[in-house]
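The next block holds one structure in the form of structure tokens; read it before the comments.
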Amino acid sequence: MVGKKSKLIASILVILLLTVASGIIAYAQTGITISDEGITINTSDDPEDVTNSIKLLLYLTVLSILPSIIIMMTSFTRIIVILSFLRNAMGTQQMPPNQVLIGLALFLTFFIMSPVLTDLNEQALKPFSENEITLEEAIDNASDIMKDFMLNKAKVREKDLALFANIAGVEQPDDINDLPMKVVIPAFMISELTIAFKVGFMLYIPFLIIDMVVASTLMSMGMMMLPPVMISLPFKILLFLLVDGWNLVVGTIIQSFG
């Protein structure tokens with residue numbers, strides 16, 4: 001399963017690389033050349049070549065840290081942890097398999113983050129590509145957009161922000177949007193884990209009740225050698241289907257980022 005999971009992640013990264021590569025090929029002019037021998041950086045007196053070379057290096061750098069960005073600064077962490085809790089609560093072992101859970105979590109992440117990605121493209125990437133703003137301004141715009149998502153839409157807990165602000169020695173400003181990214185990102189991550197664990201606890205309760213009822217019934221009937229899990233599993237699946245569980249869980253996850 002680990003090998004299949006690695007192949008899935010590698011395939012997704014290859015697709016993203018090919019998609020972005022079509023947009024950055026235009027920048028690989030005389031400043032930087034890419035061949036079988038590697039990436040060669042040439043000297044140039046043309047400022048436009050130097051600018052395009054810097055843009056190409058920036059895009060390649062973003063691609064290299066893309067998996068970390070997806071995990072740390074998006075809704076992916078909350079989604080995948082909740083889905084994992086759901087599978088464990090139902091006791092279905094490896095059903096759905098890891099590939100399905102990761103794929104569903106990725107597409108839900110892209111769905112939730114689509115307004116943020118649109119703002120990043122319109123306010124940071126596109127103006128920088130057209131030389132309308134500097135690199136520093138593009139980074140500042142992108143940081144403001146991501147902080148707005150993490151602080152306002154994902155609703156980072158103030159306790160987590162205060163924890164990392166105190167550790168970093170940063171005075172809490174009047175507006176939490178003025179906090180630096182080094183405080184916001186780790187606070188966002190542990191806040192996402194806390195929320196996911198709370199949802200996971202709520203998911204466990206109905207299935208735990210079914211397990212207790214089945215175990216008590218089997219003991220009262222003297223069937224102590226019969227595994228309760230084998231009997232309770234069909235009832236768990238039936239309950240999940242009766243309440244339209246996938247629609248309920250996915251809808252709750254998406255609405256939690258309102």
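Pairs are defined by a Cβ separation below 9 Å, a sequence spacing of at least 6 or placement on different chains, a first member in the range 121-150 that is over 18 Å from Thr74 (Cβ atoms), and a second member that is basic (Lys, Arg) and open to solvent by less than 70 Å² (accessible area, probe 1.4 Å); the pairs so defined are Phe128/Lys55; Ser129/Lys55; Leu135/Lys55. One residue stands out in the range 89-103 among those that are assigned to a helix (DSSP H, G or I) and touching a residue at least 24 places away in the same chain (Cβ under 8 Å): the one that is farthest from Pro186 (Cα to Cα), namely Met90. Every condition in (1) assigned to a helix (DSSP H, G or I); (2) open to solvent by 50 Å² or more (accessible area, probe 1.4 Å) holds for Phe188 except the one numbered (2). Scanning the range 207-220 for residues that are surrounded by 15 or more Cβ atoms within 10 Å (Cβ to Cβ), of a type outside the set (Asp, Glu) and closer than 27 Å to Ile79 by Cβ turns up Phe207, Ile210.
I'm trying to understand the selection: among the residues of the range 134-145, which are surrounded by 12 or more Cβ atoms within 10 Å (Cβ to Cβ) and either under 16 Å from Asn177 (Cβ atoms) or of a type in the set (Val, Ile, Thr) (or both)? Of everything in the range 134-145, those that are surrounded by 12 or more Cβ atoms within 10 Å (Cβ to Cβ) and either under 16 Å from Asn177 (Cβ atoms) or of a type in the set (Val, Ile, Thr) (or both) turn out to be Ile139, Asp140, Asn141, Ala142, Ser143, Asp144, Ile145. For the range 153-175, give me the residue count where each residue is open to solvent by less than 70 Å² (accessible area, probe 1.4 Å), free of Cβ contacts under 8 Å to residues at least 60 places away in the same chain and assigned to a helix (DSSP H, G or I). Counting residues in the range 153-175 that are open to solvent by less than 70 Å² (accessible area, probe 1.4 Å), free of Cβ contacts under 8 Å to residues at least 60 places away in the same chain and assigned to a helix (DSSP H, G or I) gives 6. Can Thr109 be described as in contact with a helix residue (DSSP H, G or I) (Cβ under 9 Å, 6 or more places away or on another chain), open to solvent by less than 20 Å² (accessible area, probe 1.4 Å) and among the β-branched types (Val, Ile, Thr)? When the stated conditions are applied, Thr109 passes them. Pro97 meets each of the listed conditions (1) open to solvent by 60 Å² or more (accessible area, probe 1.4 Å); (2) closer than 30 Å to Asp211 by Cα; (3) at pLDDT 80 or above apart from (1).
Considering Met202, Met223, the condition of being open to solvent by 50 Å² or more (accessible area, probe 1.4 Å), free of Cβ contacts under 8 Å to residues at least 40 places away in the same chain and within 20 Å of Ser84 (Cβ to Cβ) is satisfied by Met202 alone. Restricting the first member to the range 228-255 and to residues that are under 25 Å from Lys155 (Cα atoms), and the second to residues that are open to solvent by less than 90 Å² (accessible area, probe 1.4 Å), the beta-carbon pairs closer than 6 Å and six or more apart or on different chains are Ile253/Ile79.
All of (1) loosely packed, with under 13 Cβ neighbours inside 10 Å; (2) out of contact with any Ser or Thr (no Cβ under 8 Å at 6 or more places or on another chain); (3) at pLDDT below 85 hold for Asn131 with one exception: (2).
The values are calculated or read from the model by the stated rules, or taken from the named source; none is laboratory data. For clarity, every value in this text was computed on a predicted model and none was experimentally measured. Every residue, glycine among them, receives a Cβ derived from its backbone with ideal geometry; neighbour counts consider all protein chains shown. Accessible surface areas use protein heavy atoms only, side chains included; no ligands, DNA or RNA. Shrake-Rupley method; radii C 1.70, N 1.55, O 1.52, S 1.80 Å.
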